[in-house]
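The values are calculated or read from the model by the stated rules, or taken from the named source; none is laboratory data. Source: prediction; values computed, not measured. When we count neighbours, we look across all protein chains shown, and the Cβ atoms used for this are built from the backbone with ideal geometry, even at glycine.
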Amino acid sequence: MSEAPIPGPLLRQRRKELKWTLDDLAAHSGVSRSMVSQIERSETNPTFATLWNLTQALNIDFSDLTTPVAQPPKNSIETTTADRTPLIQADENRVSLRILSPTHLSGKTEWYELTFQPGGHLASTPHSLGTTEHLTVLSGQLTTEAGTATQCLNQGTTGRYSADLNHHIRNLGQTTATALLVVLAGDTP
């Protein structure tokens with residue numbers, strides 16, 4: 001069984017190769033010096049966006065942080081623990097997206113676990129032509145909009161819609177809502 005590498009040591013190694021201080025990396029990435037230090041010491045679980053900013057500043061592949069160190073044998077099961085699953089926060093932390101799909105499928109087939117606090121809203125610009133989203137509500141109620149179409153989805157309901165136009169998912173209810181979202185990319189020209 002193999003797990004994705006811990007990002008802290010990899011980021012620290014690359015920073016030292018560049019002969020950058022923590023302040024240098026903070027300035028290049030827009031991530032605070034204290035956050036960089038905590039990540040390098042593996043004292044915090046950074047968001048996907050934070051890791052993305054750091055990898056871009058250090059000119060390393062984001063997949064280096066998520067690719068398993070060793071390939072598991074065929075007769076094993078690869079796992080990723082909850083604390084290693086990338087998490088994106090949106091809408092002032094009223095929406096969280098846990099990225100469940102493996103990195104190598106990014107842009108092709110992606111799936112997420114979504115949590116919406118009351119009033120949470122996830123707005124998306126059009127994806128590539130032909131892309132569809134499949135949203136299954138696990139608890140609560142969500143409203144989805146795709147172009148001019150709007151549909152309320154109750155617990156247990158799946159909504160499928162075109163994602164190659166502006167689309168939104170909202171929690172208009174008074175309780176937390178959870179869902180699974182699968183994104184299937186369309187053909188790219």
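Quick one: residue 30 ticks every box in (1) crowded, with 17+ Cβ neighbours inside 10 Å; (2) modelled with pLDDT of 85 or more bar one, so which box is it? All conditions are met except number (1). Within segment 81-140, the set of residues being among the charged types (D, E, K, R) and over 13 Å from residue 163 (Cβ atoms) comprises 83, 84, 91, 92, 94, 98, 108, 113. Taking residue 114, is it over 22 Å from residue 62 (Cβ atoms), modelled with pLDDT of 95 or more, outside the structural domain of residue 44 (by TED's automatic domain parsing) and not β-branched (Val, Ile, Thr)? Spelling it out, it is not the case that residue 114 is over 22 Å from residue 62 (Cβ atoms), modelled with pLDDT of 95 or more, outside the structural domain of residue 44 (by TED's automatic domain parsing) and not β-branched (Val, Ile, Thr). Is it true that residue 123 is closer than 20 Å to residue 89 by Cβ and of a type in the set (A, V, I, L, M, F, W, C)? Yes. In this structure, residue 178 does not qualify as outside the structural domain of residue 45 (by TED's automatic domain parsing), closer than 30 Å to residue 61 by Cα and in contact with an Asp or Glu (Cβ under 8 Å, 6 or more places away or on another chain).
Of everything in segment 127-147 that is modelled with pLDDT of 95 or more and out of contact with any Leu (no Cβ under 8 Å at 6 or more places or on another chain), the residue that is surrounded by the most Cβ atoms within 10 Å (Cβ to Cβ) is 140. Somewhere in segment 74-83, is a residue outside any loop (DSSP other than H, G, I, E, B) and either closer than 30 Å to residue 44 by Cβ or touching a residue at least 24 places away in the same chain (Cβ under 8 Å) (or both)? For segment 74-83, residues outside any loop (DSSP other than H, G, I, E, B) and either closer than 30 Å to residue 44 by Cβ or touching a residue at least 24 places away in the same chain (Cβ under 8 Å) (or both): present. Sub-6 Å Cβ pairs linking a first residue in segment 21-50 that is at positive phi to a second residue that is surrounded by 15 or more Cβ atoms within 10 Å (Cβ to Cβ) and polar (S, T, N, Q), at least 6 apart or interchain, are 30/53, ordered by first then second residue.
Note on segment 92-139: residues that are over 26 Å from residue 46 (Cβ atoms) and in a loop (DSSP other than H, G, I, E, B) amount to 6.
Considering the conditions (1) farther than 15 Å from residue 98 by Cβ; (2) crowded, with 19+ Cβ neighbours inside 10 Å, residue 124 is excluded by exactly one of them, (2).
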